[in-house]
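The values are calculated or read from the model by the stated rules, or taken from the named source; none is laboratory data. Predicted model, so just to flag it, every value in this text is computed and none were measured. All Cβ positions, even for glycine, are placed from backbone atoms using ideal geometry, and neighbour counts span all protein chains on display.
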């Protein structure tokens with residue numbers, strides 16, 4: 001899967017379209033992207049180069065295909081992968097990652113997390129069918145999900161039904177550790193076994209919406225400030241996706 005020319009960390013830039021409020025206020029677009037290039041120019045003389053650059057008209061499937069598809073496939077080969085979004089309020093993290101589970105959207109607008117969940121379970125089904133066709137024993141997969149929130153450097157378990165939502169100031173019992181090979185794992189976190197894409201969606205919509213903390217930003221829009229880690233271990237590997 002990996003070669004000597006592969007970089008362990010890649011950075012992608014996505015430029016979102018203007019919001020209605022920005023258009024009304026007469027804000028102008030200050031970025032310029034040359035099609036096919038991985039460089040963005042800001043203003044007249046500032047240029048920045050990334051591994052991938054997605055301009056205003058980039059579609060969700062293009063983001064996933066370029067940045068995430070290979071990582072999820074690698075998990076089936078025993079590689080670990082992490083994808084996370086970083087940006088200021090209103091920059092498009094929730095939309096890109098697909099963590100707005102309380103909003104009904106079209107298939108084309110699905111973000112990285114729901115697409116990764118689809119990819120994972122489709123990959124499991126394909127490998128089972130391939131094994132069956134070849135007359136080999138069916139591979140076994142165990143998929144679990146965890147949902148954590150990082151708030152003021154404290155880790156909150158959003159799957160913990162006993163957690164007091166008002167107890168944000170109390171120290172969490174969740175610990176982050178590093179194993180002998182440099183892998184990161186957590187202890188004290190609730191894990192939910194899942195066997196289908198529908199189960200994951202159910203957990204996200206019904207279990208998490210009641211636990212989310214919603215903030216109002218200066219954009220006068222709801223912002224869900226959340227980090228989610230979808231952990232899918234099999235063959236001693238994992239895929240972490242955060243927003």
Item to check | Tally of residues being surrounded by 14 or more Cβ atoms within 10 Å (Cβ to Cβ) and outside any strand (DSSP E or B) across the range 13-47 | outcome: 5
Checklist entry - Mind checking whether some residue in the range 97-108 is surrounded by 14 or more Cβ atoms within 10 Å (Cβ to Cβ), more than 30 Å from residue 140 (Cα to Cα) and not assigned by TED's automatic domain parsing to the domain that holds residue 182? => result no
Item to check | From 230, 208, 150, residue being surrounded by fewer than 17 Cβ atoms within 10 Å (Cβ to Cβ) and either farther than 30 Å from residue 25 by Cβ or modelled with pLDDT of 85 or more (or both) | outcome: 150
Next on the checklist: Please determine whether any residue of the range 78-86 is without any contact (Cβ under 8 Å) to a residue 60 or more places away in the chain and surrounded by fewer than 19 Cβ atoms within 10 Å (Cβ to Cβ).
Outcome noted: yes
Checklist entry - Does the range 88-102 hold any residues that are assigned to a loop (DSSP other than H, G, I, E, B), closer than 18 Å to residue 64 by Cα and either within 10 Å of the chain's Cα centre (by Cα) or modelled with pLDDT of 85 or more (or both), and which are they? => result 91, 92, 98, 99
Checklist entry - Among all residue pairs at least 6 apart or on different chains, which show Cβ distances below 6 Å where the first residue, located in the range 158-187, is in the same structural domain as residue 203 (by TED's automatic domain parsing) and under 26 Å from residue 80 (Cα atoms) and the second is modelled with pLDDT under 65 and not in a loop (DSSP other than H, G, I, E, B)? => result 158/208
Item to check | Residue among 94, 99 that alone is under 19 Å from residue 149 (Cβ atoms) and in contact with a helix residue (DSSP H, G or I) (Cβ under 9 Å, 6 or more places away or on another chain) | outcome: 99
Checklist outcome for this item: Restricting the range 56-67 to residues that are more than 14 Å from residue 13 (Cβ to Cβ) and at pLDDT 95 or above, the one nearest to the chain's Cα centre (by Cα) turns out to be 64
